[in-house]
Each structure stands twice: as structure tokens, then as C-alpha cells.
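S.K.: Take this structure first; my questions come after.
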Amino acid sequence: MPERHLHLNAFLMGVGHHEAAWRHPLADPAALTDVRHFQNLARIAEHGTFDSVFLADGVQVWGDIEHTAAQVFEPITLLTAIAAATSHIGLIATVSTSYSEPYNVARWFSSLDHISGGRAGWNIVTTAGDRAAQNFSRDAAADHAERYERAAEFVGITNRLWDSWDADALVVDRATGVYTDPAKVRELGHVGRFYQVRGPLNSIRGPQGRPLLVQAGSSEDGRTFAAQHAEAVFTAHQTFDSARAFYTDLKARVAEQGRDPDSVKVLPGIVPVLGATQAEADQLARELDELIVPVRAVRQLSEMIGVDLTGHPLDRRLPELPPVQRVNGARSRFELVRDLAVREQLTLRQILSRLGGGRGHQVVAGTPDTITDHIQTWFDQGAADGFNVMPPLLPHGLEQFVETVVPRLRDRGLFRSRYTGSTLRDHYGLSNLAPVTV
């Protein structure tokens, strides 16, 4: 059995994952509109031999624009620019199945895969919230279960579109004038509940066959979807026990689908607040938290969990929350916030502080040794196959992680010292996919 190694993904978000990162002296808000900033971040991660960089995305203005450093770039476009500035690191983009069409998405990722030489990955989201729906001629988001039904049909179509060209479909015979063997290019003729797609894709088969498929929902529907389709799962947990329970449950569901559990990698998010000493790390965490604007944080939390907390006293505990079944938004994040508040008996102000660093992902403040120990414990004890690394400040936090934590992980035999393959699937130990009959 091959030796197990960590998978590290660099989650790039503006000038840092802490919600007040743009206000800190170590960050430059002007970088938000500069493609060179993101290219530099990707090169830093590639120097650290990360598997991939990842860009989240939404199709609505998120949070309080008065106090928020707004996202600027659409991820496929930005990753195409990053592809030109890097050579090995994977490129994962979020695209919603609720407000896109399968044919367009299949084309976008096929193009990115070709341009990057086989480094494309798709983070599949269903998009919660009515505000997004109202940008697409709808009054409200579809029901939670329906969004996942749509996503399942959507992914089935995109897979068939990527498979609609055999790898050897191109003939390119100048003498005979034959460019493509039509017997090796197939229509889909798909007619389903949500979509009708004739096909084939108007792009030849990509270097990976299909991009790496990533999923980030941890609700009941999300876990079922991940078990059926995902090859990597981004997830958020506040405790080791929660992370291990999720890991065990998901791997069992993957096996029930007849898939190899080792082929699906689970990557919890971690916000590493690094310092040369514990006191230095704690000081940086305090500096960032002191820059949080409470009114902005309350609005974001309200949007995150689908419960309006505007006007609720900051120094009181949360009001009674509705059953999760009545939540039509991001159910897994709702449950995370609810459980955190109940478990630790937190006031609203304390919750805002705990969530400010990573929107529910675990924040770990400490020395490089502390962070390395944390990562190894979760990896060795069945809570993670790797981590979605979310530096609170960018590029500062990513540079620190690559310079101090990555060498320690290598010294312990947990992480690669060089790339051994050229595609994102190679980094994940997965085969590039041959075409199948559709």
C-alpha cells in the first residue's frame, strides 16, 4: 500500500481570511484589484509544493459592503491568469450548479484544463440564499433538497460532456483532409428533469479527462452528494471530535457507493495564526479581532445562518434558533454555529470573535511547531487527509506557513518535497480518466 501523505490546498481570499484583514498594516487593500497579487500567492504556494490553490465564489454581493473588502475577480478568469504564472500547482474554482448551465461549465473547465496542462479542479456548490437567486430572475432560492437534485443531474451531464470526445478522436491527416474521427465523438441526447443537452462538447478531451471534482457541503444532502461524486471535500469543523466523526461518516458513505474511500480526500479548513512564540501569535490574533466591525459581523453571521440577528444584544447568548430542517440556506454552517454557541455558552460578541478569522473554520494560533503538531494529530488520528490552508493575512500568512510549517511537515515525512506529477489528479494520486461510452 502506498505511503499516505498530506494534501495541502491554499485557499486564496483577497488579502486574508480574517474579515478585518484589509485593515491590518501587514495587508494592502490595493492588491484586491491586482492580478499580480494572486499570481504571487500561487507562486508562493507552488514553492511550498501545495497540491492546489482554490478560489471561492458567490453570485451576489456578500455581507456588508460598507465594511467589507469586496471580491473582484471571477475565478475561472483569474485562474487562467494564474495558470500562465505557474507550472505545477492545481487550480480549483467554485462554480454554482444553481445559476449556470452544464454545457458552459464543461467548456470553462475544459478550457482551463487545456490552458494549464491538466491542472483544473471544480468546487461544486449549490448556492444558498435568496439574494443570489434575485440576480437570476428568481424571487427565492430553490428548496435545499431540490438544489442537490439539480446538482446531481448537472454533474452527470458535465461528466458525459467531458467524455464525449475520445482521447484519440483527432486524426489531423493533412493528406486525406480528415481532422476528426466522427465515430469517436458522441452526442448525449440528455433529457432530464432540469436540463436538456444534445452535445457533444465543442472542446476536445482535456489532459486530465475530467477536472478534479471538489465539494464543500456537509449537510445530509451534501454528504450524500459528496459520496457519489466528489474526489476532494472541503469541510469546516471547530473540534477534533467533530472532524473525525465527519471523516468516518463520509468514508463509509463513499464505500456504500461502491467507491474506494481512499480516493476521496477530506480537507478541513485551518486558519493558522503564526508567531515565533505563542505570545506573538496570540498578539496577532488579538490585533485582528480588535479590527472587527460588530455591525458588519452581525450582518454576515445573519446571512451565513439564515437568521436575522440584527439588534440582538452583543453580550447576550443567541436567541433560540429554528430546527435545521427549516433552514433553506447553508445547513452545515448553521449547525456549526449553533453547536459552537451551545457547547461553549458563548455570547453573540464571543461568537463574532470566534468566526471572524475563518467563518466557522478552525482558527489555530501558535508557533510553527504548534501548527505542525495540530496538522499531524488530525492527519494521523483519522480526522483529515490534508488541510484547506486559510491564512488570516495574505501574502504574509502564506509566506510564513511555507517558510516554517511546510519544512517541518517534510522533516516528519508527511508532505512532499517536490512534485512527482504534472496534473492535479497526479497530485491527488488519481488516474487521469480515460473516456467512457456515453
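S.K.: Search the structure for amide H atoms under 5 Å from the amide H of ILE124, placed 1.01 Å from N in the peptide plane, and list their residues when 5 or more places away or on another chain.
M.R.: VAL214, GLN215, ALA216
S.K.: Give, in nm to one decimal, the length gained when the segment between GLU146 and ASP308 is fully stretched (0.36 nm per residue of separation minus the Cα-Cα distance).
M.R.: 55.9 nm
S.K.: Hey, another quick one. Give, in whole angstrom and from largest to smallest, the semi-axes √(5λ) of the equivalent ellipsoid of region 181-220, with λ running over the eigenvalues of the Cα gyration tensor.
M.R.: They are 26, 18, 6 Å, listed from largest to smallest.
S.K.: Related question: Residue by residue through region 112-120, which ³J(HN,Hα) values in whole Hz follow from phi under the Karplus form 6.51 cos²θ - 1.76 cosθ + 1.60 (θ = phi - 60°), with glycine and proline marked x?
M.R.: Each residue's phi maps through the Karplus curve to give 4, 5, 5, 4, 8, x, x, 10, 7 Hz.
S.K.: Can you give the three extents of the C-alpha atoms in region 215-273 along their principal axes, from longest to shortest, in whole Å?
M.R.: Result, largest extent first: 39, 21, 18 Å.
S.K.: Semi-axes of the equivalent ellipsoid of region 51-204: what are they in whole Å, largest first, if each equals the square root of 5 times a C-alpha gyration tensor eigenvalue?
M.R.: Semi-axes (√(5λ), whole Å): 32, 22, 11.
S.K.: Express the accessible area of the chain per residue in Å², computed with a 1.4 Å probe while the remaining protein chains stay in the model.
M.R.: Computed with neighbouring chains in place, this is 43 Å² per residue.
S.K.: Now a separate question. If packing is taken as the average count of other Cβ atoms within 10 Å, what order do 244-251, 44-51 fall into, highest mean first?
M.R.: Sorting 244-251, 44-51 by mean packing, highest first, produces 44-51, 244-251.
S.K.: What residues qualify as long-range amide H neighbours of ARG119, i.e. H under 5 Å apart, gap of 5 or more or another chain, H built at 1.01 Å from N?
M.R.: Long-range HN contacts for ARG119: LEU424.
S.K.: Another question, then. Which cross-chain or sequence-distant (5 or more) residues have an amide H under 5 Å from the amide H of HIS312, H modelled 1.01 Å from N in plane?
M.R.: Here nothing satisfies the definition.
S.K.: With angles folded into 0 to 90 degrees, how steeply does helix 240-256 sit against the dominant principal axis of the chain? Use alpha carbons for both and round to 10.
M.R.: Taking Cα atoms only, the helix is inclined about 20 degrees.
S.K.: Could I ask something else about it? Under the Karplus relation 6.51 cos²θ - 1.76 cosθ + 1.60, θ = phi - 60°, what is the ordered set of whole-Hz ³J(HN,Hα) values for region 39-48, x standing for Gly and Pro?
M.R.: Along region 39-48, the couplings run 4, 5, 4, 5, 5, 4, 5, 5, 4, x Hz.
S.K.: Quick one: compute the contact order of the chain, relative version, from alpha carbon pairs under 8 angstrom and 6+ residues apart, as a percent.
M.R.: 24
S.K.: Mind ranking 219-232, 287-300, 111-124, 132-145 by how tightly packed they are, going by the mean number of other C-beta atoms within 10 angstrom, highest first?
M.R.: Sorting 219-232, 287-300, 111-124, 132-145 by mean packing, highest first, produces 111-124, 219-232, 287-300, 132-145.
S.K.: I would also like to ask the following. In µm²/s, what is D for region 1-51 at 20 °C and 1.002 mPa s, where D = kT/(6 pi eta Rh) by Stokes-Einstein and Rh is the Kirkwood radius from Cα pairs?
M.R.: Calculated translational D: 170 µm²/s.
S.K.: Express the carbon and sulfur contribution to the solvent-accessible surface of the chain as a percent, rounded to the nearest whole number, probe 1.4 angstrom.
M.R.: It is 49 percent, rounded to a whole number.
S.K.: Give me the percent relative contact order of region 110-189, please, defined on Cα pairs under 8 angstrom at least 6 residues apart.
M.R.: Relative contact order of region 110-189: 18 percent.
S.K.: GNM, the chain, Cα, under 10 Å: largest mean-square fluctuation among HIS17, HIS427, HIS190?
M.R.: Looking only at HIS17, HIS427, HIS190, the biggest GNM fluctuation is shown by HIS190.
S.K.: While we're here: Any idea how far the Cα center of region 371-392 sits from the one of region 261-315, in Å?
M.R.: Cα centroid to Cα centroid, the span is 18 Å.
S.K.: Another one. Using only Cα atoms, find the angle between the long axis of helix 368-380 and the longest principal axis of the chain, and express it within 0 to 90 degrees, rounded to the nearest 10.
M.R.: The answer is roughly 60 degrees.
S.K.: Between ASP380 and THR77, how many nm apart are label points set 7 Å from Cα along the C-beta direction?
M.R.: Here the answer is 4.7 nm between the modelled labels.
S.K.: Just to be sure I understand the model, the point goes 7 Å from the Cα along the line to the Cβ. What's the resulting SER111 to GLU256 distance in nm?
M.R.: Inter-label distance under the simple model: 4.0 nm.
S.K.: Once you have the Kirkwood Rh of the chain from its Cα pairs, apply Stokes-Einstein at 4 °C and 1.567 mPa s and quote D in µm²/s.
M.R.: 58
S.K.: With θ taken as phi - 60° and the coefficients 6.51, -1.76 and 1.60, list the Karplus ³J(HN,Hα) couplings across region 297-309 in order, rounded to whole Hz; mark glycine and proline as x.
M.R.: 5, 5, 4, 5, 4, 4, 5, 5, 9, x, 10, 6, 9
S.K.: Set the Förster distance to 56 Å, then compute FRET efficiency between VAL295 and VAL171 from the Cβ-Cβ distance, nearest 0.05.
M.R.: That gives a FRET efficiency of 0.30.
S.K.: Another question, if that's okay. What is the gain in length, in nm to one decimal, between GLN283 and PHE194 on full extension, counting 0.36 nm per residue of separation less the C-alpha to C-alpha distance?
M.R.: Gain on stretching GLN283 to PHE194: 26.9 nm.
S.K.: List the extent of the Cα atoms of region 175-289 along each of their three principal axes, largest first, rounded to whole Å.
M.R.: Taking the Cα atoms of region 175-289, the three principal extents are 73, 38, 28 Å.
The values are calculated or read from the model by the stated rules, or taken from the named source; none is laboratory data. Everything quoted here is computed from the prediction, not taken from an experiment. Positions of Cβ are backbone-derived with ideal geometry, glycine not excepted, and every protein chain shown enters the neighbour counts. Quick note on the areas: whole protein, heavy atoms, side chains included, nothing else; ligands and nucleic acids left out. Shrake-Rupley method; radii C 1.70, N 1.55, O 1.52, S 1.80 Å.
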